[in-house]
Structures are given as structure tokens and as C-alpha cells.
Amino acid sequence: MQLQRSEVLAFMRSNKYAVQGSASAAGTPQAAVVGVAVTDDFVVIFDTLDSTRKARNLVLNPAIAFVFGGLHAGDERTVQYEGIADFPQGAELARVQADYFKVFPDGPSRLTWPEITHVRVKPRWLRYSDFNQSPPLIAEFGFQPVP
């Protein structure tokens, strides 16, 4: 039986938080846990402050990675995700925020924060791994550029 993208999407959405990684201008790694929303086309959205290391890193180098799952005892499923981040503005920002607020209804209360920004990440590659079964199920997915 072949793993369906819809199953991977459901797993990613079952994880409200993910570990994100980016690189500084000097190439040093940075990682943080962020609250995420995942759209039907695997776009990941999170909010942060402009002053954070992750935001500063992504302005200089938009390459970003996430790990979903792997944090619950007895559940050895993960998604490794790589993508390209941007900071939408105007009408596009409003669409991104609407998707994010469906997962985080408290998100609008943060809009008054002076440095709040929303990051949209378009997928390039992901690997789903399920070590709950033997042999493990591992599937990779590539993505065409999301408009």
C-alpha cells in the first residue's frame, strides 16, 4: 500500500508545534519550537517577532527546515520538511493569517505586538518516516513551486 499525501498532511496537522531550523549569516544553526498551521498544499505558516534570530536568519537566507512529530513516547513517526520562507504583505498576508488563525484562534490578539510578523514556507521536499511498524515506512515527496 502506497502512502498518500493526505495521510502525511493529516499527520503534520496533528502536530500543532514543530521544530524549525535556519542558518545565520555566519552559517551557524538555529532551532526553535514554533506553532504551525499547514495548508492543503503543505505550506507551513507561523508567527514570530521581527527581532528573533529565526526572522533575521530567514530575511538573509530563506531556506528553512522543520521536524514534525517524534516527541510522544511510543509514537515514532516524523516528517522532515524543507522549504523556502517569505514574509507576505497586503492581501496575501491577510490570506496567510486567515489560515494561521484557524489553528491558533488567539493569533489576532498578537497583531497589536509591534514586531509581529507571519512567515509562509513553501515546501520543496519532505520525508515521512514511520518506525512504529516493521519494516519502517519511509516516503519522500518533492514539490513543484507553489505560486
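The values are calculated or read from the model by the stated rules, or taken from the named source; none is laboratory data. A quick note: this is a predicted structure, and the numbers were derived from the prediction, not measured. Cβ placement follows ideal geometry from the backbone for every residue including glycine, while neighbour counts extend to all protein chains displayed. Accessible surface areas use protein heavy atoms only, side chains included; no ligands, DNA or RNA. Shrake-Rupley method; radii C 1.70, N 1.55, O 1.52, S 1.80 Å.
Can you send over the carbon and sulfur percentage of the accessible area for segment 24-90, probe radius 1.4 Å, protein chains only? Display every interim value, and only then the final one.
On the way: 1820 of 3300 Å².
Carbon-and-sulfur percentage of accessible area, whole number: 55.
For ASP99 and LEU71, what is the calculated FRET efficiency with R₀ set at 22 Å and r taken between the beta-carbons, to the nearest 0.05? It would help to have the intermediate numbers written out before the result.
Details: r = 23 Å, r/R0 = 1.06.
Efficiency at R0 = 22 Å is approximately 0.40.
Counting Lys +1, Arg +1, Asp -1, Glu -1, what net charge surrounds GLN133 among other residues with beta carbon under 11 Å of its beta carbon? Write out the running numbers ahead of the final one.
Numbers: positive: ARG77; negative: GLU76, ASP130.
For residues surrounding GLN133, the net value is -1.
Give me the accessible area per residue for the chain, probe 1.4 Å, as a whole number in Å². Mind showing how you got there, number by number?
Values: 8150 Å² over 147 residues.
I get 55 Å² per residue for the chain.
Between VAL19 and GLU115, what is the label-to-label distance in nm when each label sits 7 Å out along the Cα-to-Cβ direction?
2.4
Over the Cα atoms of the chain, what radius of gyration and what Dmax do you get, in Å?
15.4, 50
Only helical DSSP H runs with n ≥ 4 go in: add -39500 (n - 2.57) per run for the chain, normalise by residue count and round the 222 nm mean residue ellipticity to 500 deg cm²/dmol.
Taken over the chain, the calculation gives -6500 deg cm²/dmol.
Give, as a single signed number, the net charge of other residues whose beta carbon lies under 14 Å from the beta carbon of ASP41, with Lys and Arg counted +1 and Asp and Glu -1.
Details: positive: ARG5, ARG13, ARG95, ARG120, LYS122, ARG124; negative: ASP40, ASP99.
Combined, the nearby Lys, Arg, Asp and Glu give +4.
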